[in-house]
Amino acid sequence: MSSTRNIAIIGSGPAGLTAALYSARANLNPLVIEGIEAGGQLMLTTMVENYPGYRDGIMGPHLMAEMRAQSEKFGAAIIQGNVTSVDLCAKPFVIKTAEEEFHAKAVIIATGASARLLGLPSERTLMGHGVSTCATCDGYFFRGQDIGVVGGGDSAMEEAIFLTRFATKVTLVHRREALRASKIMQDKARANPKIVWALNSEVDEIKDSGRGEVTSMVLRHNKTGVLTEVPVSGVFVAIGHTPNTSLFRGQIEMDANGYIVTHDGAKTSVAGVFACGDVQDHIYRQAITAAGTGCMAAIDAEHFLENIPEHLATV
């Protein structure tokens, strides 16, 4: 059995590593358990141009490597591994990986959310090279080009409308005739002359993996089976996100979609447990907002520990 930690942070994206940096600088010796997708969604991006302080942009994996090194510089301990179970009823809290068991007086959940994907091999290959799950992040790169958006909900309508600021034409692909989006969002999208519609259609393939860039998307009409190749420079997948909260189900308050509910900063329904980043934010989903809530979680956890007598643990 390991000694009790002050803070255990689950997840190593912008939220988790910022929480690690702040809690390390507070001399709380945090433990970060990276998870399978170490670094979060930024590891799937190429150039990040909207993170403050990098006027020429920075590659997503490089930004995460810098954050990781900075948190380690101030004393954060980062271990590889995937958390298999968490007991938020025990005091101290119990966190298990396949190899070890950890105890912590406070826990910061920064497990993020995973974008739902189409499941195409080319989609994974071209992620960050023309395929994206974030219009706000990547729309700027497609000025004067034709692009596709896949989805039929409010998020897809919002992304398509946003992308018309940059693109010459946006082809909105949805597998059904009827859209799931609210009427007001449908009306806005249909009123935009830059948006064209490919309904009753699914993306059969995204080309061209061999060139390392998107050149077109092949659409299959669901009623006729006819394949149509649509030239595009980018494909934005907007079919939703799934918060990575299955570990905590039944132990902490979540909303109807599985996102952790926070209040008064980063506090959750369990005293001593805090949440930050996309695991509790389904609106903004940006690296900078994730980092901001990571800072909040660390400060809230520090204040929580200050009220525990002799809170400094041996690590």
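The numbers here are math on the coordinates, done by the rules we state, and not lab data. Note that the coordinates shown come from a computational prediction; the quantities given were computed from them, not determined experimentally. Because the Cβ atoms are built from the backbone with ideal geometry, glycine has one as well, and the counts that use them run over all protein chains shown.
Points to keep in mind about this one:
- The chain: angle of helix 60-73 to the longest principal axis, Cα-based, in degrees nearest 10: 10 degrees
- Going by neighbour counts of Cβ atoms within 10 Å, the residues Val32, Val203 line up, fewest first, as Val203, Val32.
- On full extension, the segment bounded by Arg116 and Arg25 gains 29.2 nm, given 0.36 nm per residue less the C-alpha separation.
- As a calculated quantity, the FRET efficiency between Tyr140 and Tyr284 at R0 = 22 Å, using C-beta atoms, amounts to about 0.80.
- Helix-only CD estimate at 222 nm, as mean residue ellipticity for the chain, using -39500 (n - 2.57) per DSSP H run (n ≥ 4): -7000 deg cm²/dmol
- Cross-link table Lys73/Lys207; Lys183/Lys223; Lys96/Lys267; Lys188/Lys267; Lys73/Lys96, entries beyond 31 Å C-alpha to C-alpha: Lys73/Lys207; Lys188/Lys267
- 0 to 90° range, to nearest 10: angle between helix 287-306 axis and the chain longest Cα axis: 20 degrees
- Exposure proxy order (Cβ contacts within 10 Å, fewest to most) of Met67, Met157, Met47: Met47, Met67, Met157
- Under 15 Å, Cβ to Cβ, from Gly152 - net charge with Lys/Arg +1 and Asp/Glu -1: +1
- Using 0.36 nm per residue and subtracting the Cα-Cα separation, the extra length available between Arg211 and Glu72 on full extension is 46.3 nm.
- In the chain the longest region clear of GluC sites (Glu not before Pro) that are loop-assigned by DSSP and have at most 16 other C-beta atoms within 10 Å covers 101-176.
- Each residue of the stretch 209-224 is assigned a 3J(HN,Hα), and the resulting list reads 4, x, 8, x, 8, 7, 10, 6, 10, 9, 9, 10, 6, 5, 9, 9 Hz, derived from the Karplus form 6.51 cos²θ - 1.76 cosθ + 1.60 (θ = phi - 60°), x at Gly and Pro.
- Taking amide H positions as modeled 1.01 Å from N, with prolines and chain starts lacking one, the residues under 5 Å from Met254 and 5 or more places away or on another chain are Val261.
- Cα-based shape type of the stretch 4-132, given that a ≥ b ≥ c are square roots of the gyration tensor eigenvalues and the cut on a/c is 1.5: oblate
- Between Ser201, Ser71, Ser209, the residue with the greatest mean-square fluctuation in the GNM of the chain (Cα pairs under 10 Å linked by springs) is Ser209.
- Once C-alpha pairs closer than 8 Å and six or more residues apart are averaged by separation and normalised to the residue number of the stretch 123-232, the relative contact order reads 24 percent.
- Unpartnered cysteines - no second Cys beta carbon under 4.7 Å - across the chain: Cys89, Cys276, Cys295
- Were the residues from Asn82 through Asn307 laid out at 0.36 nm apart, the gain over their Cα-Cα distance would be 78.0 nm.
- Arg124/Arg55 FRET efficiency (R0 41 Å; Cβ-Cβ; nearest 0.05): 0.85
- Tensor-based shape of the stretch 93-164 (alpha-carbon gyration tensor, a/c under 1.5 rounded, otherwise prolate or oblate): prolate
- Taking other residues whose beta carbon is less than 10 angstrom from the beta carbon of Asn6, and scoring Lys, Arg as +1 and Asp, Glu as -1, yields +1.
- Looking at the stretch 117-237, the DSSP beta bridges with both ends there are about 40 percent antiparallel.
- The chymotrypsin sites (Phe, Trp or Tyr not before Pro) of the stretch 203-306 meeting both criteria, a DSSP state outside H, G, I, E and B (loop) and at most 14 other C-beta atoms within 10 angstrom of the site's C-beta, are Tyr284.
- The separation of the stretch 204-219 from the stretch 32-82, counted between C-alpha centres, amounts to 28 Å.
- Approximating the spin labels as points 7 Å out from Cα along Cα→Cβ, the Lys188-to-Ala271 distance works out to 4.3 nm.
- Crossing angle, helix 14-25 versus the chain [Cα axis fit, 0-90 degrees, rounded to tens]: 20 degrees
- Prolate/oblate/rounded call for the stretch 117-237, Cα gyration tensor, a/c under 1.5 rounded: oblate
- Beta bridges by DSSP in the chain, antiparallel share as percent, to the nearest 5: 45 percent
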